[in-house]
Amino acid sequence: MKKLKKLVKFLLSVPFIRKTYEFVNKVVLSIGSLNRITSVVYHWPAFFTFSREQYAVLSGRRNYYRNLSKQRRTHTELRRNTHRLEKGLLMRPRRPVFARDYIGETVEFYERAVNQYCGGQDSDDGSVDDGVIDQYELDWAHNVLQQYFDAVKKGGDKGVDRARKQFEATDELYNPGSQEKKVPYTRAKAARSKASYDELLNLSLQRRSVRWFLPKKVPRDLIDKALMVGRQSPTACNRMPYEFRIFDDPEMVKKVAGIPFGAAGYAHNIPTIIVVVGKLHSYFSPRDRHVIYVDASLAVMPFMLALETLGLSSSPINWPDFEPLERKMQKTLHLADDERVIMLIAVGYADPEGMVAFSQKKSLDVFRSYNDLGGS
């Protein structure tokens with residue numbers, strides 16, 4: 001494989017071969033991109049290019065439904081529906097009765113989670129998987145459901161009334177009591193930061209992709225603190241369909257950091273490597289197949305900024321959809337078929353003598369426009 005790559009690089013360095021290659025690509029791609037039909041014809045001979053993603057999406061949809069009857073640390077379907085209720089509660093004007101079409105299943109999801117938390121056997125086969133459901137998630141679901149039923153009057157809808165009785169019956173098993181309520185609140189009550197725009201801008205300028213680190217171990221508590229910031233990022237229906245797999249054992253770091261192309265040349269001096277993994281079993285529809293990339297990336301940026309405030313530096317490492325590397329990473333991390341690598345992140349204490357790229361950004365007028373519908 002390495003010899004083949006070197007040969008390809010050498011051939012493309014020859015001007016005549018490179019120009020011929022570019023011309024052929026231009027012609028073939030122009031024909032293939034004429035319309036959707038020609039696009040299908042173009043991709044058909046090379047269907048393996050996207051077969052891993054297609055298989056992952058399908059496996060994720062299958063596992064979404066399989067997981068409904070399994071014990072889990074987090075219940076995606078409960079998180080989604082609870083957030084839908086939150087959005088209904090904060091609407092102006094709020095409808096007298098809403099969520100008719102999904103309140104019943106939401107309470108069923110909640111009841112299933114309560115049974116798991118209390119040690120009930122909720123799986124179809126009667127088995128109990130390892131791991132206890134996140135209590136914070138359960139409290140949030142309870143509080144939002146309680147506020148929903150307080151907001152919707154009794155007798156307004158038979159389906160809602162049935163769900164209310166089913167929810168009230170769970171109080172015998174679980175009720176978080178009078179602790180802090182995790183429910184929608186007014187913007188005026190939101191926590192306020194004293195950070196100014198200039199401070200935030202300077203922090204963004206301070207953050208550079210660092211590739212040279214000191215041979216110093218990264219404290220796990222600092223990683224966790226930065227993750228607390230990253231997890232506050234917006235995510236579709238509050239699913240948080242990602243996981244940060246962190247490696248700080250030197251041998252494991254060496255093994256994982258040596259896989260992506262993007263770490264070539266400096267992988268040997270990375271103290272901690274993180275693999276951000278997206279979980280496609282968070283979705284029942286292929287329409288959401290790209291949300292793992294959006295939501296995970298939203299979480300990564302504040303995570304890296306938080307690292308800077310803690311004296312640490314980082315470098316996001318691109319993960320290309322390249323089958324040989326996909327297979328190697330899947331085998332190394334024992335990834336499930338519906339788990340997709342989003343990116344890797346190198347973390348450590350920056351070597352003060354190590355150089356960083358200037359990376360000139362695009363001018364504001366180049367990437368920003370107002371009220372521009374395009375097409376002109």
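Things to note:
- Since only PHE367, ALA56, ILE103 are under comparison, the one whose Cα sits farthest along the positive direction of the charge dipole of the chain, derived from C-beta charges on Lys, Arg, Asp and Glu, is PHE367.
- Contact order for the chain, expressed relative to its length and based on alpha carbon pairs under 8 Å spaced 6+ residues apart, stands at 20 percent.
- Residue-normalised accessible area of the chain, given per residue in Å² at a 1.4 Å probe: 64
- Annotation: peptides 251-260, 196-205, ranked by per-residue average of other Cβ atoms within 10 Å with the highest first, follow the order 251-260, 196-205.
- For LYS158, the aspartates and glutamates whose Cα comes closer than 18 Å to its Cα, not counting residues fewer than 8 places off in the same chain, are ASP101, GLU105, GLU108, ASP150, GLU168.
- Mean projection area, nm², convex hull over Cα of the stretch 284-376: 10.7
- Only the Cβ atoms of Lys and Arg (+1) and of Asp and Glu (-1) were treated as charged; on that basis the dipole of the stretch 257-376 about its Cα centre amounts to roughly 120 debye.
- Normalised by residue count, the stretch 37-100 yields a Cα convex hull volume of 177 Å³ per residue.
- Every Cα-Cα pair of the chain was included, and the share exceeding 40 Å stands at 30 percent.
- For the peptides 314-320, 50-56, the ranking by packing is 314-320, 50-56, with the highest mean count of neighbouring Cβ atoms within 10 Å listed first.
- Exceeding the 29 Å Cα-Cα cut-off - candidates LYS279/LYS328; LYS9/LYS328; LYS182/LYS216; LYS153/LYS181; LYS9/LYS255; LYS194/LYS225: LYS182/LYS216
- Directionally averaged projected area (convex hull, Cα atoms, the stretch 226-266), nm²: 4.2
- Here the relative contact order of the stretch 70-123, from alpha carbon pairs under 8 Å that lie six or more residues apart, stands at 47 percent.
- The orientation-averaged projected area of the convex hull spanned by the Cα atoms of the stretch 58-212 comes to 14.8 nm².
- Percentage relative contact order, the stretch 246-331, counting C-alpha pairs under 8 Å, at least six apart: 32
- Of all DSSP beta bridges in the chain, antiparallel share, percent nearest 5: 95
The values are calculated or read from the model by the stated rules, or taken from the named source; none is laboratory data. Every value quoted in this text rests on a predicted model; they were computed, and no experiment measured them. Cβ atoms come from the backbone with ideal geometry, glycine included; neighbour counts cover every protein chain shown. Just so you know, the surface numbers come from the protein's heavy atoms only, side chains and all, with ligands and any DNA or RNA stripped out. Shrake-Rupley method; radii C 1.70, N 1.55, O 1.52, S 1.80 Å.
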